[in-house]
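Asker: Take a look at this one; I'll ask things after.
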Amino acid sequence: EWHSLISPIDMAAHARHLRDELDASILPDGTPDVEQQMNLMRDMQRQITFQLLAQDLEGLFTVESLADQLSAVADLMLKQALRRTWLLVCERQPQLPAIPHFAIIAYGKLGGKELGYASDLDLVFLYQDQDKQMVEFYVRLARRLISWLSTLTSSGRLYDIDIRLRPDGEAGLIAVSMEAFAHYQKTKAWTWEHLAITRD
């Protein structure tokens, strides 16, 4: 058992397994079992993090390589959360595209690939779509994403989410267009905001 704990983590295999498990989490009426899906993601995140902790205690990581691994777990969870929440937004909306023109931008610890065990995620949500009628769906997607990631379920919470770094801070829209984001960065952003987005 200890040997399996300290074996190298195959993140791609975990991603495939999680995707298959989430795809199979369906209610009798054919709709996604959201509660089960949220718990599956939390359980896998805990499992991988526990394995990383065991390896960390064995001295198998540098600080930088551990942060890379924890950041990769967060990336995996964000990718699946985006996919699952867009499917929910698309329910009874056949006109919506299969893949949203939407991006999750990470600042802070995740943006710099410096994630720790208890780090929150500093996120900004952007979309690129000329159709003004799509804005409400991207805002809805952003809200669902935050809820999916931060809601406390029987399996815990995936991550605390901080979206205060979006353009205009707490007064700004929860999801903004690429054009609006670029305009804000060029004309209104503070120097520290430029530093935050350009950090390595």
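Asker: So, with a 1.4 angstrom probe, what is the percent of accessible area on the stretch 36-103 that is carbon and sulfur?
Answerer: Accessible surface attributable to carbon and sulfur in the stretch 36-103 totals 59 percent.
Asker: Additional query: List the longest stretch of the chain that has no exposed loop site; here a site is one of the trypsin sites (Lys or Arg not before Pro) assigned by DSSP to anything other than H, G, I, E or B, with at most 13 other Cβ within 10 Å.
Answerer: That gives 1-91 as the longest site-free run.
Asker: Over the heavy atoms of H3, what accessible area does a 1.4 Å probe trace out, to the nearest 10 Å²?
Answerer: The accessible area of H3 comes to roughly 140 Å².
Asker: Here is a further query. Count neighbours as other Cβ atoms within 10 Å of each site's Cβ, and list the chymotrypsin sites (Phe, Trp or Tyr not before Pro) in the stretch 40-143 that are DSSP loop with at most 12 such neighbours. Kindly include the intermediate steps, with their values, before the conclusion.
Answerer: Working: sites: F50, F61, W86, F102, Y107, Y117, F125, Y127, F137, Y138; in loops: F61, Y117.
Here the sparse-neighbourhood loop sites are Y117.
Asker: Which of the lysines could be linked to K109 by a straight reach, that is with a Cα gap under 25 Å, when you skip same-chain ones fewer than 8 residues away?
Answerer: K79, K186, K188
Asker: Which loop GluC sites (Glu not before Pro) in the stretch 17-60, with loop taken from DSSP, have no more than 14 other Cβ atoms within 10 angstrom of their Cβ?
Answerer: For GluC sites (Glu not before Pro) across the stretch 17-60 that sit outside H, G, I, E and B with at most 14 neighbouring Cβ atoms in 10 Å, the list reads E58.
Asker: Something else about it: Rolling a 1.4 Å sphere over the protein heavy atoms, what is the accessible area per residue of the stretch 105-170, to the nearest Å²?
Answerer: 49 Å²
Asker: To the nearest 500 deg cm²/dmol, what mean residue ellipticity at 222 nm is calculated for the chain from DSSP H runs of n ≥ 4 alone, each contributing -39,500 (n - 2.57), summed and divided by the residues?
Answerer: Details: 8 runs with 107 residues, N = 200.
Mean residue ellipticity, 222 nm, calculated: -17000 deg cm²/dmol.
Asker: Now for a different question. Quick one: how many Å² of V63 are accessible to a 1.4 Å probe, rounded to 10?
Answerer: Looks like 120 Å² after rounding.
Asker: Rounded, prolate or oblate for the stretch 1-145? Axes are the square roots of the Cα gyration tensor eigenvalues, ordered a ≥ b ≥ c, and the cut-off for rounded is a/c under 1.5.
Answerer: Verdict is oblate for the stretch 1-145.
Asker: Further question: So, in Å, what gap is there between the alpha-carbon centers of the stretch 145-200 and the stretch 36-68?
Answerer: 25 Å
Asker: For T191, what accessible area in Å² do you get when you roll a 1.4 Å probe over the heavy atoms of the protein chains, rounding to the nearest 10?
Answerer: Taking all protein chains as shown, T191 has close to 100 Å².
The values are calculated or read from the model by the stated rules, or taken from the named source; none is laboratory data. Keep in mind that what you see is a predicted model, and the values were worked out from it rather than measured. FYI the Cβ positions are ideal-geometry reconstructions off the backbone, even for glycines, and counts take in every protein chain you see. The protein model used for the area step is the full one, side chains on, heavy atoms only, and it has no ligands, DNA or RNA in it. Shrake-Rupley method; radii C 1.70, N 1.55, O 1.52, S 1.80 Å.
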